[in-house]
1. In segment 184-216, whose amide N lies under 19 Å from the spot 7 Å out along Cα-to-Cβ of Tyr21? List them in ranges.
2. Of Lys248/Lys456; Lys50/Lys195; Lys248/Lys461; Lys313/Lys456; Lys92/Lys242, which sit over 21 Å apart, Cα to Cα?
3. Calculated FRET efficiency, Phe237 and Ala54, Cβ-Cβ r, R0 25 Å, to nearest 0.05?
4. Sorted by packing (mean other beta-carbon atoms within 10 Å per residue), highest first, where do 139-149, 179-189 land?
5. Pop the C-beta distance of Glu449 and Lys95 into the FRET formula with R0 = 45 Å and round what comes out to the nearest 0.05.
6. Any chance you could check the Cα centroid distance between segment 340-370 and segment 405-468 for me, in angstrom?
7. What percent of all Cα-Cα pairs in segment 95-217 falls in each 5 Å bin, counting up from 0?
8. Binning at 10 Å from 0, report for segment 23-467 what percent of all alpha-carbon pair distances ends up in each bin.
Amino acid sequence: MGKHKELGVDKNGVQKVLRGYDYFADMLGQFGLALIGNLVGQLTYFYTDKVGLAVGGVGIAMGIAKVIDAVTDIWFGNVVEQSKGGNEKYYKWMKRMMIPAAITIILLFTVPKDISQVASFAYVTITNILLTAVFYTLISTPFAATIVVRTKSLDERSNLGIFRAIGSYISGIIMAIAIIPITNALGGTQNAWIKFGFIIALAVLLSLLICSINGNKAVMKVAEYKTEEKEEEKVPFKEAAKMLFASKYWVIVLLFNIITSVTNAISASANTYYCKWIFGNDNLVALVGGFGLLGTVIGFGISKPIIEKLGVKGAIDFGLLGTVGAMIIRCLAPGNIVMYVATGIVSSVMMMPLMCLYGVLLGMAVDYNEYKYDKKLVAISSGAIGFGSKVGSGIGSVILSIFLVLGAYDASLQVATTSMRYSIYGFANIFPIFINLLMYLIFRGFDLEDKLPQMKEEVEKRRMNSEA
């Protein structure tokens, strides 16, 4: 037990169990998942501008895939919950799904040529369902749960959240900077995107493999030191789902993931459309992404002190209202590239503390489940991460398509029409103002941060009484 003692305890007296390589491997897991998410976020542009599919049809196909995707998250969460293997089962699920996910990533871009639009939309729908609704879900749902089973320490959970946010944003920045210049350098055709997809598939496979191998070792080490309880009694899906939707805190975490994923899905494509049609050169995506990286680095630098100073709820307010302010300023000069880049940097800085809290919020909701129901419901609760992300991504894709349709988007033009420009301003600048204000209002009901210590004491008393 001496090795764990060397790590000390957190501010609440809970034993720490994680070392630097544990955080790094966990970050790689999030990096691999985020590569998939960010790649999917670019598909609307790929399907419309590289394959030549109609914008409205792409929106419907992506929407169908996301609806199915969202439904599978909570269901698969219960499947994982019901499976055997203790805490090690979460990483076993990841290992099973890695190779199928990598293969399907490549298939996303191999839309057959010289077939009808209907057949193309069917192919797009099926490949997106396989990747996001099946393989991605059966990796991301157990991975989200690991932040709870790896450690009881809120400090370590917070640190895991920060490292996961780093993994997500490194992935996002790589995609923002690299995807257009690299595919253009490879010829800018569909074949160029297929080659890029192959590279991403290998990166996803390697990062998830490292994460799962380390995770299995770490979980076994934690079990060896007996810092985890025995495996919970299984709860039927219908009963578990009813419990979750009766918990306002889980619902708020769910809405948090939905809304942030809506904005992420739109922003993933916004820079590409903005650079191509507003600034006249899609290769500027690399420049804009590079400055976004600067904001990300600064944001990560201030995340931990901001969270410690403001607390969970205060850090979320900081990110939401800060982003609203940046977007309002951008609207004053939407065609100015300096203003666009500067407000992008500010928004990235403001959002970093908020993005580091996904796992922390999930952990708090799970702790509340234990207080209210005497059941943690770890895996199915983790469906809040996957379910919310999938619903949000789907809604984001549909909203993006609606803006483009309303703007009479035509990828064959050389210069954007006035309606096209205003549609891009709408989803890139104005929409984020309203969606972040909505999230701010929703989070007025999240008062769990102050109540949780007393709830944990109550849970501990129950446990002691039941063992007496």
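Taken together, the values in this text are just the output of simple stated rules run on the coordinates, not laboratory data. From a predicted model like this one, the values you see are computed outputs, not experimental measurements. All Cβ positions, even for glycine, are placed from backbone atoms using ideal geometry, and neighbour counts span all protein chains on display.
1. Within reach of a label on Tyr21: 206-216.
2. Values: Lys248/Lys456 18 Å; Lys50/Lys195 14 Å; Lys248/Lys461 24 Å; Lys313/Lys456 19 Å; Lys92/Lys242 27 Å.
Check vs 21 Å cut-off fails for Lys248/Lys461; Lys92/Lys242.
3. Numbers: r = 38 Å, r/R0 = 1.53.
FRET efficiency, Phe237 to Ala54: 0.05.
4. Values: 139-149: 27.1, 179-189: 16.3.
Listed from highest to lowest mean packing, they are 139-149, 179-189.
5. Details: r = 35 Å, r/R0 = 0.78.
For R0 = 45 Å, the calculated efficiency reads 0.80.
6. Centre-to-centre distance over Cα atoms comes out at 10 Å.
7. All Cα pairs, binned at 5 Å, distribute as 2, 9, 15, 19, 19, 15, 9, 6, 3, 2, 0, 0 percent.
8. Taking every Cα pair in segment 23-467, the percentages come to 4, 22, 33, 25, 12, 3, 1, 0.
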